[in-house]
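K.L.:
Sharing a structure, written as structure tokens. Questions coming.
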Number of protein chains: 2
Amino acid sequence: MATLDLDAIAAAGLALVDHRGADALTMRAVATELGVSTMSLYHYVENKAALVELLVDKAHREQPLPAPSGEGWREEVRELAGWMRNSIRAHPALLRLRLEYNVYTPSMLTFGERWINLWQQSGLDFDAANRAAAASSMAIIGFAKEEVSLRDFKPPDPELLSWLPNMRHLSTSPPEPGTSFELFIRALIDGIFDVLARGQAIAGDAAPIA
Amino acid sequence: MATLDLDAIAAAGLALVDHRGADALTMRAVATELGVSTMSLYHYVENKAALVELLVDKAHREQPLPAPSGEGWREEVRELAGWMRNSIRAHPALLRLRLEYNVYTPSMLTFGERWINLWQQSGLDFDAANRAAAASSMAIIGFAKEEVSLRDFKPPDPELLSWLPNMRHLSTSPPEPGTSFELFIRALIDGIFDVLARGQAIAGDAAPIA
DNA sequence: ACCTGAACACCGTTCAAGT
DNA sequence: ACCTGAACACCGTTCAAGT
């Protein structure tokens, strides 16, 4: 029996990333963490990109998709958005590695599938629902990533802020991050639905009337 | 007179990043591009993080903030959002470096200042306008970053997609990226305004009535 | 099949030395 | 003040060799 397996490698790597940051994830560090030589890893993983993919997969398995609540499409979209946000926030240091090694996993696709499904239940027509799903998923993923990026934004010296009264006020009393996401998600869903529903209604009504 | 200056270094670095990607930006590469030894750079730049900051600053100077059009706050918010999107798209490979070296520049702050200013003209009260500005700026920056990230997303094998009809349809006929941003920005601004204006109205009306 | 040490081609950066 | 080559401490990864 082998002393190593993919899950142990993923666990060790993810622990490194979570506790010591993206820079701490080196082949050497993962190997010594597992009490094994660096080159052993290459029997399980083709290269570092594959290692990162392994971590992303494990992170995703730890955060299974929520069961549909049946509370209606709007509420379910909000729940799924919250799940995506939590998935991103669970391993903030993983974001840089994903970008660096261009890692995409099938789990993203199943999320997208369900996301589109929900919008198809909104009453918008087929094409509008697809456009709504595409735009809104990008917005939500981008917003959640931006939240974790801003976490290690160090506020500039007060000197500079003295010329920028609005920013000074915002940086001294920032809105709570949770409420910002609440506002964003509600506004986005309602906004996208309204814009597209209005477009449909106009397109649908104009022809018969004219 | 010196053979080197900050602007030449920034230009050489930015050219490398734009034409050969983030990985191509090494101290050695920038130096040889300028026909100089690697260590010369350290007389102008403390370390690689400072080099990246230099590139970001140059990129930002090339994309000056648009003059206020005076067409009303909604239109001006859209214009400013488009400017931000273009700034991000102008140097897509710079995003990874910014994240990697945690680079924030004062130019971000002047953007934020104006962004808040516009929302203060929306008719929302002071706190609501600030919340709107914070949430919407994160959404827009995140969305634009997501757009460029998705640029080098390679669609998965059709095998996998056969179980995901919605995603298969989306990947065979994706919406045009430009219209996706148009939809997103309009929906976001209207959505945020409506949610907060409704909240204000309710809070303002409920008390007298009860 | 699984694991290993030595080595290679790269990094960013320090240092002592040149003009 | 400005520039330089040599060297150091890291990377990811190849290779030939062990069990």
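Each reported figure results from applying straightforward, stated rules to the coordinates on display, with no laboratory input. All of these numbers come straight from a predicted model, not from anything done at the bench. Please note: Cβ atoms are built from the backbone with ideal geometry, for glycine as well, and neighbour counts cover all protein chains shown.
K.L.:
Could you give each residue of the stretch A:14-31 its phi-based ³J(HN,Hα) in whole Hz, using Karplus coefficients 6.51, -1.76, 1.60 with θ = phi - 60°, and x for Gly or Pro?
P.N.:
Each residue's phi maps through the Karplus curve to give 5, 4, 4, 4, 5, 8, 10, x, 4, 5, 6, 7, 10, 4, 4, 5, 4, 4 Hz.
K.L.:
What is the list of residues in the stretch B:150-186 whose amide nitrogen lies under 15 Å from a point 7 angstrom out from the Cα of B:R89, following Cα to Cβ?
P.N.:
B:150-152, B:175-186
K.L.:
Something else: Placing +1 on the Cβ of each Lys and Arg and -1 on the Cβ of each Asp and Glu in the stretch A:83-210, which of A:I88, A:Q120, A:M138 has its Cα farthest towards the positive end of the resulting dipole?
P.N.:
Of A:I88, A:Q120, A:M138, it is A:I88.
K.L.:
Now, a different point. Give the lysines reachable from A:K58 as a straight Cα distance under 16 Å; neighbours fewer than 8 places away on the same chain don't count.
P.N.:
Partners within reach: A:K48.
K.L.:
Could I ask something else about it? Please list 3J(HN,Hα) in residue order for the stretch A:80-96, calculated via the Karplus relation 6.51 cos²θ - 1.76 cosθ + 1.60 where θ = phi - 60°; whole Hz, with x for glycine and proline.
P.N.:
Result, rounded to whole Hz: 5, 5, x, 4, 4, 4, 5, 4, 5, 6, 5, 9, x, 6, 6, 4, 4.
K.L.:
Looking at the square roots a ≥ b ≥ c of the eigenvalues of the Cα gyration tensor of chain A, which shape do they give, rounded for a/c under 1.5, prolate if a/b is larger than b/c, or oblate?
P.N.:
oblate
K.L.:
Next question, about the same structure. Which ordering of A:L65, B:L14, A:L188 is given by a fewest-first count of other beta-carbon atoms within 10 Å?
P.N.:
Fewest-to-most ranking of A:L65, B:L14, A:L188: A:L65, B:L14, A:L188.
K.L.:
Once the convex hull of the alpha carbons of the stretch B:98-210 is built, what does its volume come to per residue, in cubic angstrom?
P.N.:
Values: hull volume 19.4 nm³, N = 113.
Normalising the Cα hull of the stretch B:98-210 by residue number yields 172 Å³.
K.L.:
To test your reading of the geometry: what angle, between 0 and 90 degrees and rounded to tens, separates the Cα axis of helix B:126-151 from the longest principal axis of chain B?
P.N.:
Once rounded, one gets 50 degrees.
K.L.:
Report Rg/Rh for the protein assembly as shown, rounded to two decimals, where Rg is the Cα radius of gyration and Rh the Kirkwood radius.
P.N.:
Details: Rg = 23.5 Å, Rh = 23.7 Å.
Reported Rg/Rh, Kirkwood definition of Rh: 0.99.
K.L.:
Here's something else I'd like to know. Pop the C-beta distance of B:Y101 and B:H169 into the FRET formula with R0 = 30 Å and round what comes out to the nearest 0.05. Write out the running numbers ahead of the final one.
P.N.:
Details: r = 40 Å, r/R0 = 1.32.
E(calc), rounded to 0.05, equals 0.15.
K.L.:
Assign unit charges at the C-beta atoms only (+1 for Lys and Arg, -1 for Asp and Glu), then state the dipole size of the stretch A:68-206 relative to its Cα centre in Debye, rounded to the nearest 20.
P.N.:
Roughly 360 debye for the stretch A:68-206.
K.L.:
Another question, if that's okay. Provide an ascending nm list, one decimal, of label-point separations from A:E75 to the equivalent residue in each further copy; define each label point as 7 Å from Cα along Cα→Cβ.
P.N.:
4.2
K.L.:
Kindly express, to the nearest 10 degrees and within the range 0 to 90, the angle between helix B:177-209's C-alpha long axis and the longest C-alpha principal axis of chain B.
P.N.:
40
K.L.:
Between A:R74 and A:E46, what is the FRET efficiency for a Förster distance of 35 Å, r being their Cβ-Cβ separation, to the nearest 0.05?
P.N.:
0.20
K.L.:
In nm, to one decimal, how far is the modelled label at B:M39 from the one at B:H19, with both set 7 Å along Cα→Cβ?
P.N.:
About 2.8 nm separates the two model spin labels.
K.L.:
While we're on this one: Could you bin all the Cα-Cα distances of the stretch A:159-201 into 5 Å bins starting at 0 and give me the percent of pairs in each, rounded to whole numbers?
P.N.:
5, 18, 14, 13, 12, 13, 10, 8, 4, 1, 0
K.L.:
Would you mind listing the distances between the B:Y101 label point and the same position in each other copy? Use 7 Å along Cα-to-C-beta, nm, one decimal, shortest first.
P.N.:
Listed shortest first, these distances are 2.3 nm.
K.L.:
A follow-up question, please. Relative contact order of chain A: what whole-number percent is it, with Cα pairs under 8 angstrom and at least 6 residues apart?
P.N.:
Working: 142 pairs, mean separation 38.3, N = 210.
Here the relative contact order equals 18 percent.
K.L.:
Given Cβ point charges of +1 (Lys, Arg) and -1 (Asp, Glu) and nothing else, what value in debye, to the nearest 20, does the dipole of the protein assembly as shown about its Cα centre take?
P.N.:
460
K.L.:
Under the Karplus relation 6.51 cos²θ - 1.76 cosθ + 1.60, θ = phi - 60°, what is the ordered set of whole-Hz ³J(HN,Hα) values for the stretch B:105-111, x standing for Gly and Pro?
P.N.:
Running phi through 6.51 cos²θ - 1.76 cosθ + 1.60 with θ = phi - 60° gives 10, x, 4, 4, 5, 5, 4 Hz.
K.L.:
Between copies, how close do the A:P174 label points come, placed 7 Å along Cα→Cβ, listed in nm from shortest?
P.N.:
Result, one decimal in nm: 3.2.
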